[in-house]
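**Student:** After the structure tokens below, expect a handful of questions from me.
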Amino acid sequence: MSRQNLVLGIETSCDETGMALYCPKEGLLTHTLFSQIDLHACYGGVIPELASRTQLEKIHLIFQEIFNHSSFSFQDVKTVAVTNRPGLPGSLLVGVSFAKAVAWAGQKKLIGINHLEGHIFSSFLEHNVPFPHLCLTASGGHTSLYLVEDFSVFSLICTTKDDAAGEAFDKIAKLMNLPYPGGPVIEKMGAEKDFYDFYAYPRCTAGALEFSFSGLKTAVLYHLVKLGAYDLKTKQFCQTEHDLKQQVASSLLVCIKDIFLEKIGLALAVHKHIKAVTFVGGCAANTYLKKTIEAFCINKGLQFFAPSPKFCTDNGAMIAFVGNYKVAKGQFDSFDLDITL
Ligand code: KG4
Ligand code: ZN
């Protein structure tokens, strides 16, 4: 089937190679993703050098896949939108260089996209979200609240002064010898204890409009040490009891949920004209967090939106979506486009 003026979105800011085709009239047509999670799992986190090398190996295969396995042709693409900031430098460079090459060869327009803007507008892939709204972005690299007033028009309300929420899940999972990424396994174990708050971990920065998660990681670490479950000298988790891990996971989720709700509440007290709240980024794949934030918002008479899990973690669709509205605004870049960290 032939359609014109399509936007090809390319996302390679970290360990995912994502591409998508977006049609101004019909919306998202197709998207594809290669995730490197299995490659990095044994290291307990993303190894930047391995991530960029794998991006390089995969990117042309993903490009071929999106056109070979769909009925769309690269000829129908008018604009190539690519994540050029922020992210791992090597990974970003692969995506931007590839985008420039195919756009140049195919005489397409080029747009550099802010990865965070991709996450902020990812809810729009499946929902009509009203403006102005609050957006809570929580992933492995970022945890922030934004005031979103229109497409391209958003401002930071608050962010984390140290680690991100997803980073806390990943680091605490690693402390307990649980696999990377920590978020999904912590959610599964927390559910096994019905999200009961066994240990009342500190709600850092309570009362302030800012996030902080590094103290939470340290609190869990010293709690495990006190219980004799973690050896600081060998840096080994030395407790095989499944029950303890479940209790830590359950308490951690309640703690992070409380922090999220408190910050949303503080932001709503300042920004009284808000119509809705969105929850995006990798942590928004968490059903417990999503449901509790949704209940909190509905209770306040606000609409709530979150993308499906496949659009919470990094993906090309959100980049293609932002690219599409930038086309409408005529916000193109030159072929001097570079990465920004
Ligand atoms: O958005 P994303 O794919 O990459 C970044 O931009 O960071 O987010 C990855 C993060 C990881 O820290 C991972 O542990 C977290 O999202 N995550 C989750 C869940 N699934 C992924 N956190 C909590 N619950 C989940 N189900
Ligand atoms: Zn991301």
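The values are calculated or read from the model by the stated rules, or taken from the named source; none is laboratory data. Everything numeric here is computed off the predicted structure, so don't read it as measured data. Counting neighbours? That spans all protein chains shown, and the Cβs are built from the backbone with ideal geometry, glycine included.
**Student:** Going by the structure shown, is Q64 closer than 21 Å to N324 by Cα, surrounded by fewer than 16 Cβ atoms within 10 Å (Cβ to Cβ) and free of Cβ contacts under 8 Å to residues at least 12 places away in the same chain?
**Tutor:** no
**Student:** Can you give me the number of residues within the stretch 171-223 that are more than 21 Å from the chain's Cα centre (by Cα) and acidic (D, E)?
**Tutor:** Total satisfying the criteria: 3.
**Student:** In the stretch 1-50, what residues are out of contact with any strand residue (DSSP E or B) (no Cβ under 9 Å at 6 or more places or on another chain), within 15 Å of ligand 1 (Cβ to nearest atom) and part of a helix (DSSP H, G or I)?
**Tutor:** D38, L39, H40, A41, Y43, P48
**Student:** Would you be able to tell me the number of residues in the stretch 142-167 that are of a type in the set (A, V, I, L, M, F, W, C), closer than 20 Å to G87 by Cβ and in contact (Cβ under 8 Å) with a residue 60 or more places away in the chain?
**Tutor:** Residues that pass the stated criteria total 1.
**Student:** Name the residue, out of L224, L175, that is of a type outside the set (F, W, Y) and within 16 Å of ligand 1 (Cβ to nearest atom).
**Tutor:** Exactly one residue qualifies, and that residue is L175.
**Student:** Can you confirm whether A249 is modelled with pLDDT of 95 or more, closer than 27 Å to L136 by Cβ and part of a loop (DSSP other than H, G, I, E, B)?
**Tutor:** No: the conditions fail for A249.
**Student:** What number of residues in the stretch 289-313 are more than 8 Å from ligand 1 (Cβ to nearest atom) and outside any loop (DSSP other than H, G, I, E, B)?
**Tutor:** 15
**Student:** Okay, moving on. Between a first residue in the stretch 108-125 that is within 16 Å of ligand 1 (Cβ to nearest atom) and a second residue that is assigned to a loop (DSSP other than H, G, I, E, B) and of a type in the set (D, E, K, R), which pairs have beta carbons less than 8 Å apart while being 6 or more apart in sequence or on different chains?
**Tutor:** From residues that are within 16 Å of ligand 1 (Cβ to nearest atom), the pairs are H115/D314.
**Student:** Within the stretch 314-331, take every residue that is in a loop (DSSP other than H, G, I, E, B) and either basic (K, R) or in contact with a strand residue (DSSP E or B) (Cβ under 7 Å, 6 or more places away or on another chain) (or both) and give me the one that is farthest from F63 (Cα to Cα).
**Tutor:** Within the stretch 314-331, the match that is farthest from F63 (Cα to Cα) is K329.
**Student:** Pull out all pairs, ordered by first then second residue, where Cβ-Cβ is under 7 Å, the residues are six or more apart or on different chains, the first lies in the stretch 274-298 and is of a type in the set (F, W, Y), and the second is more than 16 Å from ligand 2 (Cβ to nearest atom) and not in a helix (DSSP H, G or I).
**Tutor:** Y288/F195
Each row is one residue, and each column tells you yes or no for (1) within 21 Å of F131 (Cα to Cα); (2) modelled with pLDDT under 95; (3) within 16 Å of ligand 2 (Cβ to nearest atom); (4) aromatic (F, W, Y).
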position	(1), (2), (3), (4)
K300	yes, no, no, no
A306	yes, no, yes, no
P309	no, no, yes, no
D314	no, no, yes, no
M318	yes, no, yes, no
Y325	yes, no, no, yes
D338	no, no, no, no
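**Student:** Please find, within the stretch 269-290, the residue that is farthest from ligand 2 (Cβ to nearest atom) out of those that are crowded, with 17+ Cβ neighbours inside 10 Å and either aliphatic (A, V, I, L, M) or over 28 Å from F195 (Cα atoms) (or both).
**Tutor:** Filtering the stretch 269-290 for residues that are crowded, with 17+ Cβ neighbours inside 10 Å and either aliphatic (A, V, I, L, M) or over 28 Å from F195 (Cα atoms) (or both), the one farthest from ligand 2 (Cβ to nearest atom) comes out as I274.
**Student:** While we're on this one: Take L88 and tell me if it is of a type in the set (A, V, I, L, M) and buried (at least 19 other Cβ atoms within 10 Å of the Cβ).
**Tutor:** Yes; evaluated as a whole, the condition is true for this residue.
**Student:** Looking at the structure I just gave you, is A306 within 15 Å of T137 (Cβ to Cβ) and under 18 Å from the mean Cα position of the chain (by Cα)?
**Tutor:** yes
**Student:** Does at least one position in the stretch 202-216 carry a residue that is within 30 Å of G323 (Cβ to Cβ) and hydroxyl-bearing (S, T, Y)?
**Tutor:** No - not one qualifying residue is present in the stretch 202-216.
The rows are residues; the columns are (1) closer than 30 Å to Q75 by Cα; (2) surrounded by fewer than 23 Cβ atoms within 10 Å (Cβ to Cβ).
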residue: G106; (1), (2): yes, yes
residue: N128; (1), (2): yes, yes
residue: C135; (1), (2): no, no
residue: D163; (1), (2): no, yes
residue: A191; (1), (2): no, yes
residue: C204; (1), (2): no, yes
residue: F211; (1), (2): no, no
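**Student:** Here's a follow-up. How many of the residues making up the stretch 307-324 are of a type in the set (S, T, Y) and surrounded by fewer than 24 Cβ atoms within 10 Å (Cβ to Cβ)?
**Tutor:** The number of residues fulfilling the criteria is 1.
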